[in-house]
Amino acid sequence: MADKNYTGHITVDPLTRIEGHLKIDVEVKNGVIANAWSSTQLFRGLELIVLGRPPEDVHNYVQRACGVCTTSHALVSIRAVEDAMKFKAPPAAELVRLLILSTLDVHDHLVHFYHLHALDFFDMASAIKADPVAAAKQAAQVSGREVQPGDYYMVQARLKKFVDSGQLGWLTNAFFLGGHPSYRLTPEENLILASNYLEGLRVQLKLARAMAIFSGKNPHAQTMRVGGVTCYESLRPERLAEFRALYEECRTFINHNYVGDLTILGRRYPEAASYGRTSNFLDFSDFYDPETGKNPFIRGGIMWKRDLKHTEEFDPAQLQEHVTRGWYKDSPPKHPYEGVTDPAYSGYDPNGKYSWAKAPRYKGEPMETGPLARRALAYARGEKETVERLNAWLSACNLKPENLFSTMGRTASRMVEAVVLMNRIEGWLNDLADRAKHPDVELNKPWKMPDKAKGVGYCAVTRGGLSHWIRIEGGKTANYQMVVPSTWNLGPRCAAGKLSPVEESLVGVPVADPDRPVEILRTVHSFDPCIACAVHVINAGKEKSFKVL
Amino acid sequence: MSSSSRISAKLLERQLEGGHMSRRDFMKFCAIVATAIGMDASFGPTVAAALETKKRPSVIYMHGAECTGCTEAILRAVDPYVDVLIMEVISMDYCETIMAAAGHSANEALEKAMANPEGYYCTIEGAIPTRDGGLWGQVGGETMLSLFSRVAGKAKGVIAMGTCASYGGIQAAAPNPSHAVSVGEALAPLGISPINISGCPPNPINYIGTVVHLLTKGMPELDDVGRPKLFFGSTVHDKCPRRKHFDAGEFAPSFESKQAREGWCLHLLGCRGPYTYNNCPTAQFNQTNWPVRAGAPCIGCSEPGFWDLLAPFNRDVRMKGE
């Protein structure tokens, strides 16, 4: 029974609709979260598995950290090794890599929003009750794209047949079934979202197909290698035309449907634009000019205390990883080059060790990374397209810039980033098409592995700043550390006891129904958790309940 | 307002009688999948009739030590599209990646699916950690080893999805820190022998074709490492379009060479196609490509132990270990 003044404990485990596995524990006082613990339960040991292997092979292994942001781990590993070798790949190869990474990012944002996050906001079953003509009218208003009511009738007929079958499949036990006080879209708005959820499933595979033209397959690209890329065949005019057609079709959906749906959500859930705040932000520069290696399209940096008037440059020397509250043998905070991965599972203890994640800190502070960090940095620096797109969304939803620092602002920033990146892809494609006209266009250059060196690769990937750090000795991998976005965002407390971004963001979130705590899902999903190597290690058997009330 | 906006609801409802929007997709899928599982395309309606039972067959999809790449691969399916798969073909009653429920509601959905009197099929993606009695891999306070044994033990059929589930995969590569093993090895004491759909990730048609085979024709014939011969019956090398260069002794000597640009055989650059059983050259990925077409040597990702046995990659097998 819904108790909006609940006081007590809530555990969500498994926290579904993420990559990997995550357990979230919160303490609630009078219906509002007062404390939170994020236990990312991951240990597969990829950092240990790559030791002693040839550095040029490592990207194959670490790519398997994650099949969702898949290729980003391969690319960042290649960058780390090429940094160690002081090697620069040919410009056309860098362009192919940019096209792979950007289509991956947009694809990932799209799937995250529609298929992992949107069910926190819309009620699929309620869509059956909608007036399709009214829904089509509203969809056209918010998206700027005409919708045929007939298409909505079809979606409704299909949903009705599905619900009437009595087999709810993946919607079984959904929090919205039977009504929920925190689901507030009209039936027409639910129909718009339901239709885009289904259409989005078809759109995402086309974007993945576009990427596979360059990557050989998706998930898990195989064409990127230390030295360049292998896909000469992808440079043929008909292949570039195939990419362009898929790209344009998907761009329409991103620029209209995705944008319109965020307007619907922003208007209906203004309170989600005031909770879910964090303090500090970090991300890395990426999408450099392929010729000069300068002028990144995404500019990284640091922002303290949500101050939209000041940004700083990122300084790698200020980075440390803490293991005090993770299931690792205790050691002082270390820079990734010196990092140690020495696992020691000791059971779930919220006052002690409670996660497989390490806790990265910058100047000792927890930092949120990802689309909100990047868009806030771009907004603060007055980057035109981001400023215009974010202001358009804020004004459509009657919100202010400070509302960006919230659960809803994080989700809207992801949409704006998808739009901005998607629109940029065309220029890279044109550039590649020009270069591809030369029969001798280079995609690879020879290299020599140094006997002893160290290198770092940075990447602004879907979920935030990703870095891999390699030390090479005797031409082999002597140390390897991966500092991934979800450890920044979803890690545990650090040695100083400071909460991680997701833990901080949950404090102050209201919970209307402790039995179906959808507000927790909304806020945690807004970070797009990707726990990768997660292997739900929890509670060495003593606590049986999935949820303690 | 466009003219179609004025179409009455009644008219549209009449048009929908006898079927729904995805009917055409569904019939097309049945014909394609009939071919994929070794029947003539004209058997499409037979497959459709077998699948269109009153209740959709229940599938429980578990995630172990994995990267979710196999689930992502299923999202890329077109025969059928994944929305058709989960709304009209099967009932995906538990799958942590897409399911709406979370926490105890998700666990209750699992228990409910397992209590289904008509039974269910079980798919497991990922390896199973066994270190410290399985404590390095748990779901909701229960070890994966115990939970998967419970779920698979009652299933009508078990599919190991991907190379991790089939053979241990990446986390089982040396030194295998979590002591990860395959589904077949972990569940052997229960007498469970899964169908292995290997690949990193597998081609989605190999998974869906196997599911449909189970539902319509029963158990497919398997090779000596548990894979359906329908999909894993020949090597990548056998069906490779670059085979003519191999036969002519035309090998690309380096990735930057003119010969690599012209699509010569990648054998000297470490292609593991001759040792790898899979249908990549004919099935293709994402309906448009596969690694060798894109100039990337096969790394043997559907073979047991390939992370150690077929590495280092991208170099001639004769140089292995150098």
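The values are calculated or read from the model by the stated rules, or taken from the named source; none is laboratory data. Computed from a predicted model, the values in this text were never measured in an experiment. No Cβ is skipped: glycine too gets one built from the backbone with ideal geometry, and neighbour counts run over all protein chains shown.
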Quiz item: Is it the case that some residue within region A:209-218 is over 29 Å from B:Cys265 (Cα atoms) and either facing another protein chain (nearest Cβ under 9 Å) or surrounded by fewer than 24 Cβ atoms within 10 Å (Cβ to Cβ) (or both)?
Solution: no
Practice problem: Exactly one condition in (1) buried (at least 18 other Cβ atoms within 10 Å of the Cβ); (2) in contact (Cβ under 8 Å) with a residue 40 or more places away in the chain; (3) facing chain A (nearest Cβ under 8 Å) is not met by B:Cys240; state its number. | Solution: (3)
Exercise. Return the only residue of A:Leu46, A:Leu75, A:Leu101 being facing chain B (nearest Cβ under 9 Å) and not hydroxyl-bearing (Ser, Thr, Tyr).
Key: A:Leu46
Quiz item: Failed condition for B:Val225, given (1) of a type in the set (A, V, I, L, M); (2) within 11 Å of chain A (Cβ to nearest Cβ); (3) part of a loop (DSSP other than H, G, I, E, B), with all others met?
Solution: (2)
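Here is a yes/no grid of residues against (1) surrounded by 24 or more Cβ atoms within 10 Å (Cβ to Cβ); (2) without any contact (Cβ under 8 Å) to a residue 60 or more places away in the chain:
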position	(1), (2)
A:His9	no, no
A:Leu15	yes, no
A:Leu22	yes, no
A:Asp25	no, no
A:Lys29	no, yes
A:Ala34	no, no
A:Ser39	yes, no
A:Leu51	no, no
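Yes/no matrix, rows are residues, columns are (1) surrounded by 24 or more Cβ atoms within 10 Å (Cβ to Cβ); (2) over 17 Å from A:Gln222 (Cβ atoms); (3) in contact (Cβ under 8 Å) with a residue 24 or more places away in the chain; (4) not charged (D, E, K, R):
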| residue | (1), (2), (3), (4) |
| --- | --- |
| A:Ala80 | yes, yes, yes, yes |
| A:Pro91 | no, yes, yes, yes |
| A:Arg97 | yes, no, yes, no |
| A:Asp105 | yes, yes, yes, no |
Exercise. Considering only region A:430-446, state which residues are in contact with a Phe, Trp or Tyr (Cβ under 8 Å, 6 or more places away or on another chain) and either at pLDDT below 95 or more than 14 Å from chain B (Cβ to nearest Cβ) (or both).
Key: none
Practice problem: Run A:Glu56 past the list (1) among the charged types (D, E, K, R); (2) surrounded by 23 or more Cβ atoms within 10 Å (Cβ to Cβ); (3) over 25 Å from A:Tyr288 (Cα atoms) and report the number of the one that doesn't hold. | Solution: (3)
Quiz prompt | Output for region B:153-169, where each listed residue is without any contact (Cβ under 8 Å) to a residue 60 or more places away in the chain and buried (at least 21 other Cβ atoms within 10 Å of the Cβ) | solution = B:Val158, B:Ile159
Quiz item: Out of all the residues in region B:99-110, is one or more more than 7 Å from chain A (Cβ to nearest Cβ) and either in a helix (DSSP H, G or I) or at pLDDT 95 or above (or both)?
Solution: yes
Practice problem: Evaluate region A:179-201: report whether one residue or more is out of contact with any His (no Cβ under 9 Å at 6 or more places or on another chain), in a helix (DSSP H, G or I), under 23 Å from B:Leu266 (Cα atoms) and more than 8 Å from every other protein chain (Cβ to nearest Cβ). | Solution: no
Quiz item: So, of the residues in region B:170-184 that are out of contact with any Gly (no Cβ under 7 Å at 6 or more places or on another chain) and in contact (Cβ under 8 Å) with a residue 40 or more places away in the chain, which turns out to be surrounded by the fewest Cβ atoms within 10 Å (Cβ to Cβ)?
Solution: B:Ala174
Quiz prompt | Every residue from region B:145-182 that is among the aliphatic types (A, V, I, L, M) and at the interface with chain A (Cβ under 10 Å from one of its Cβ atoms) | solution = B:Leu147, B:Ile170, B:Ala172, B:Ala173, B:Ala174, B:Ala180
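Under 29 Å from A:Phe176 (Cα atoms), β-branched (Val, Ile, Thr) and at pLDDT 95 or above, is that true of A:Thr477?
no
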Quiz item: When region A:311-344 is examined, which residues are found to be loosely packed, with under 15 Cβ neighbours inside 10 Å and of a type in the set (Gly, Ala, Ser)?
Solution: A:Ala317, A:Ser331, A:Ala344
Quiz item: In region A:139-164, which residues are closer than 24 Å to A:Leu116 by Cα and either among the polar types (S, T, N, Q) or in contact with a strand residue (DSSP E or B) (Cβ under 7 Å, 6 or more places away or on another chain) (or both)?
Solution: A:Ser143, A:Gln156
Quiz item: Among all residue pairs at least 6 apart or on different chains, which show Cβ distances below 7 Å where the first residue, located in region A:257-280, is surrounded by 23 or more Cβ atoms within 10 Å (Cβ to Cβ) and the second is at pLDDT below 95?
Solution: none
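So which residues in region B:110-128 are over 21 Å from the mean Cα position of the chain (by Cα) and not charged (D, E, K, R), if there are any at all? Spell out how you get there, then give the answer.
First, pick out the residues of region B:110-128 that are over 21 Å from the mean Cα position of the chain (by Cα): B:110-119.
Correct list: B:Leu110, B:Ala113, B:Met114, B:Ala115, B:Asn116, B:Pro117, B:Gly119.
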Quiz prompt | Qualifying residue in region A:137-149 (condition: in contact (Cβ under 8 Å) with a residue 12 or more places away in the chain, in a helix (DSSP H, G or I), over 16 Å from the mean Cα position of the chain (by Cα) and at the interface with chain B (Cβ under 10 Å from one of its Cβ atoms)) | solution = yes
Quiz prompt | The lone exception for B:Gly273 - which of (1) in contact (Cβ under 8 Å) with a residue 40 or more places away in the chain; (2) touching a Ser or Thr at 6+ places or on another chain (Cβ under 9 Å) it fails | solution = (1)
Quiz prompt | Selection within region B:24-33 - in contact with a Gly (Cβ under 7 Å, 6 or more places away or on another chain) and either over 13 Å from B:Lys217 (Cβ atoms) or modelled with pLDDT of 75 or more (or both) | solution = B:Met27, B:Cys30, B:Ala31
Quiz prompt | Filter pass, B:Cys265 being under 28 Å from the mean Cα position of the chain (by Cα), of a type outside the set (Lys, Arg) and over 30 Å from B:Ala77 (Cβ atoms) | solution = yes
Self-check item: Within region B:273-294, tally of residues that are under 21 Å from A:Leu207 (Cα atoms) and not aliphatic (A, V, I, L, M)
Solution: 10
Self-check item: Hits in region B:133-181 (condition: in a helix (DSSP H, G or I) and at positive phi)
Solution: B:Gly133, B:Gly134, B:Gly162
Quiz prompt | Candidates A:Asp120, A:Asp108, filtered to the one that is at pLDDT 95 or above, closer than 30 Å to A:Gly266 by Cβ, within 11 Å of chain B (Cβ to nearest Cβ) and touching a Lys or Arg at 6+ places or on another chain (Cβ under 7 Å) | solution = A:Asp120
Self-check item: Answer from A:Gln156, A:Gln204 - the residue that is more than 8 Å from every other protein chain (Cβ to nearest Cβ) and surrounded by 22 or more Cβ atoms within 10 Å (Cβ to Cβ)
Solution: A:Gln156
Practice problem: With respect to B:Cys122, determine if the residue is within 12 Å of chain A (Cβ to nearest Cβ), outside any loop (DSSP other than H, G, I, E, B) and either closer than 30 Å to B:Gln287 by Cα or without any contact (Cβ under 8 Å) to a residue 12 or more places away in the chain (or both). | Solution: no
